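A.B. asks: Just dropping this structure here.
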């Protein structure tokens, strides 16, 4: 689990550096969940969720984990990344 968390943390750093995108908007739409519901569950404002969805800001790693739990998806579903055959992350932008 530590290796996976460490790998995710490295990916999050890459997302910030490379201005990669998250998929929160897509997952919320697929599950027909509102910004308000996610904001209430996360203890943040609707504006924060809106900014996550438009990739103006990114949730913290712990927030990504909580969002995945609340939406009942794998955290990978929230990140626009690919896994190579060795399970190593690479961004879709590469």
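A.B. asks: Residue 23: modelled with pLDDT of 95 or more and out of contact with any helix residue (DSSP H, G or I) (no Cβ under 7 Å at 6 or more places or on another chain), yes or no? Show your work before the answer.
C.D. replies: Values: modelled with pLDDT of 95 or more: yes; out of contact with any helix residue (DSSP H, G or I) (no Cβ under 7 Å at 6 or more places or on another chain): no.
For residue 23, the condition - modelled with pLDDT of 95 or more and out of contact with any helix residue (DSSP H, G or I) (no Cβ under 7 Å at 6 or more places or on another chain) - is not met.
A.B. asks: Just for the stretch 30-47: of the residues that are part of a helix (DSSP H, G or I) and in contact (Cβ under 8 Å) with a residue 24 or more places away in the chain, which one is surrounded by the most Cβ atoms within 10 Å (Cβ to Cβ)?
C.D. replies: 38
A.B. asks: Looking at (1) modelled with pLDDT under 95; (2) in a helix (DSSP H, G or I), which is the only condition residue 86 fails?
C.D. replies: (2)
The values are calculated or read from the model by the stated rules, or taken from the named source; none is laboratory data. All figures in this text were calculated on a predicted structure; none of them were measured in a lab. Don't worry about glycine lacking a Cβ; one is built from the backbone with ideal geometry, like all the others, and counts go over all protein chains shown.
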